[in-house]
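Below is one structure; the comments refer to it alone.
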Amino acid sequence: MSEKQFQKNETVLLRVTDIGSSGEGIGKADGYTLFVRDAVVGDLAEVKITKAKKRYGYARLLRVIEPSSDRVKPPCAAAGPCGGCQLQNMNYAAQLSWKETMVRNDLIRIGGFPENGSGSYRLLPIIGMEKPFHYRNKAIYPIRSDQNGNLTAGFYALHSHRVIPLLSYSRDGVKNRTAADECLIGAKNNRPILDAVLQWMLAHRIEPYDEESGRGMIRHVLIRTGFSSGQILVCLAVNAKHLPFAEDLAAGLSKFEGMTSISYSPNMERTNVILGSRAVTIWGSGSIEDRIGPVCFAISPLSFFQVNPVQTARLYQKVMEFAQLTGNEIVWDLYCGIGSISLFLAQRAKMVYGVEIVPQAVEDARANAEKNGIRNAEFFTGKAEEIVPKAYEQEEIRADVVVVDPPRKGCDPVLLDTIIKMKPETIVYVSCNPATLARDLRILCEGGYEPGEVQPYDLFPYSVHAEVVTRLKKSR
């Protein structure tokens, strides 16, 4: 029980001792827990309470009285208001240490796995990046009008749909100053391409989308860059069936070196979903190519592909190592996307079966198998929790190795139950959410598996996210 109940708008001194899952600093004032955005572990700070609950509250950082030894000046001037990066005021070594600790704590608290104890796992040191900037091969920019009617493109502020502008133009074409000139985690070519899109909109008086009224044309601009190929794809999410003046857009964008595909995706739904169900190519091939190790992938606007190809190559090598393939194994790759892990493993497996719910991604996976001359990979469209039980119970398809790479919510319980019944010798679990990873590992271990090595990767420097891959072996 807290010694004191604080009220909204009170100002207090706080020593920050921990970090929350969203990157906020955590500290106690007279036993009362406060969450403070932009605070770093070790800071002594003056904060103002913005929301007070019975046992905890939220506060705004007013000033840092004694800065933490891990505190640094954010390299991006827009880091505070922008929701894209949460940890830019913390040095990179401290970020890695915190992410490794987060994985460990989730495995202990949620999974019930005591490190170095009975039924323990071995947490390997997190693998970070030598140069943790400009690592994202994909960026999505909302296009909006601000309160003054300026045409803006940038990123959403944290927990809102208010756009922090990377670019801003008055309606008569005058460029406005913005807090940051570029996004330091995106590809360097993004800003000039985005600038060309805005100038095209101004020239043809094409309106940005308005979420409240549902009117306006341009919702988002998606830019993908193939880091190994240098190829670039641009796709506009539009609130219309057709894109006007598409030829002029293509004429302007096709001049950029590496431009390979220009398209638009109709999306007239009042929804937070960014792209529609299809993409219409107005110039170029409709996709770009990128390579992970020896495997070449065609990536369309609707494809899922890991955003950090440098770290992804390292992660996939670990997946291959954990799978321990000899050439005789049947592998199931669940939540396979465009087949990136499937095709990587097919180099050493007897047969790989991939399962993915998105039809376009399955088409891409099949095309990528053909592109690489891989004939020992087959892909199914549907929910993994429906496809796999049917294949096991009705067709008696077995698995020596199962690889799962689920969304943040983790694996469906029906799927986990089926995997346990299939009794593969090895399970390799790739996760973008250590909390749901820990939960699912507990279920799998209760079903007869033992956790082994756990390898975290920093695929998203300066954000609160970590990627993890772990190996489970069937208990003897």
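Annotations for the structure displayed:
- Condition check for Asn272: free of Cβ contacts under 8 Å to residues at least 24 places away in the same chain and more than 16 Å from Asn137 (Cβ to Cβ): yes
- Filter result (surrounded by 18 or more Cβ atoms within 10 Å (Cβ to Cβ), touching a Gly at 6+ places or on another chain (Cβ under 8 Å) and assigned to a strand (DSSP E or B)) within the stretch 463-476: Thr470, Arg471, Leu472
- Residue match in the stretch 166-174 (condition: part of a loop (DSSP other than H, G, I, E, B), under 28 Å from Tyr429 (Cβ atoms) and out of contact with any Gly (no Cβ under 6 Å at 6 or more places or on another chain)): no
- The number of residues in the stretch 249-275 that are at negative phi, open to solvent by less than 80 Å² (accessible area, probe 1.4 Å) and not aliphatic (A, V, I, L, M) comes to 11.
- Taking the numbered list (1) open to solvent by 30 Å² or more (accessible area, probe 1.4 Å); (2) of a type outside the set (A, V, I, L, M, F, W, C); (3) in contact with a Leu (Cβ under 6 Å, 6 or more places away or on another chain) in turn, Arg205 passes all entries but (3).
- Yes/no for Gly337 being touching a Phe, Trp or Tyr at 6+ places or on another chain (Cβ under 7 Å) and part of a loop (DSSP other than H, G, I, E, B): yes
- Verdict on Tyr169 being surrounded by 15 or more Cβ atoms within 10 Å (Cβ to Cβ), of a type in the set (Phe, Trp, Tyr) and in contact with a Ser or Thr (Cβ under 9 Å, 6 or more places away or on another chain): yes
- Number of positions in the stretch 425-462 that are in a loop (DSSP other than H, G, I, E, B), open to solvent by 10 Å² or more (accessible area, probe 1.4 Å) and not acidic (Asp, Glu): 6
- Those strands (runs of 3 or more DSSP E) lying entirely in the stretch 1-60 with at least 2 residues over 33 Å from the mean Cα position of the chain (by Cα) and surrounded by fewer than 21 Cβ atoms within 10 Å (Cβ to Cβ): 11-19
- Contacts under 9 angstrom Cβ, first residue in the stretch 448-464 being within 20 Å of Ala323 (Cβ to Cβ), partner open to solvent by less than 10 Å² (accessible area, probe 1.4 Å) and small (Gly, Ala, Ser), 6 or more apart: Pro451/Gly111; Pro456/Ala466; Tyr457/Ala466; Leu459/Ala466
- Flag if Ser303 is assigned to a loop (DSSP other than H, G, I, E, B) and either open to solvent by less than 10 Å² (accessible area, probe 1.4 Å) or on the phi > 0 side of the Ramachandran plot (or both): yes
- Residue in the stretch 265-288 that is at pLDDT 95 or above, in contact with a Leu (Cβ under 7 Å, 6 or more places away or on another chain) and polar (S, T, N, Q) present: yes
- Matching residues, the stretch 343-384, being open to solvent by less than 10 Å² (accessible area, probe 1.4 Å) and in contact (Cβ under 8 Å) with a residue 60 or more places away in the chain: Asn368
- Phe133, sole failed condition from (1) among the hydrophobic types (A, V, I, L, M, F, W, C); (2) open to solvent by less than 60 Å² (accessible area, probe 1.4 Å); (3) assigned to a loop (DSSP other than H, G, I, E, B): (2)
- Just one of the listed residues (Lys99, Lys73) is buried (at least 17 other Cβ atoms within 10 Å of the Cβ) and closer than 24 Å to Thr17 by Cα, and it is Lys99.
- Residue within the stretch 119-135 that is in contact with a strand residue (DSSP E or B) (Cβ under 9 Å, 6 or more places away or on another chain), touching a residue at least 60 places away in the same chain (Cβ under 8 Å) and under 30 Å from Thr11 (Cβ atoms) present: no
- Of the residues making up the stretch 15-32, one or more are among the aromatic types (Phe, Trp, Tyr) and modelled with pLDDT of 90 or more.
- Test result for Ile420, part of a loop (DSSP other than H, G, I, E, B), out of contact with any Asp or Glu (no Cβ under 7 Å at 6 or more places or on another chain) and not charged (D, E, K, R): no
- Across the stretch 143-156, a minimum of one residue is classified as modelled with pLDDT of 90 or more, open to solvent by 30 Å² or more (accessible area, probe 1.4 Å) and closer than 22 Å to Asn308 by Cα.
The values are calculated or read from the model by the stated rules, or taken from the named source; none is laboratory data. No experiment lies behind these values; they were computed from the predicted model shown. All Cβ positions, even for glycine, are placed from backbone atoms using ideal geometry, and neighbour counts span all protein chains on display. These area figures cover heavy atoms from the full protein model, side chains too; ligands, DNA and RNA do not enter into them. Shrake-Rupley method; radii C 1.70, N 1.55, O 1.52, S 1.80 Å.
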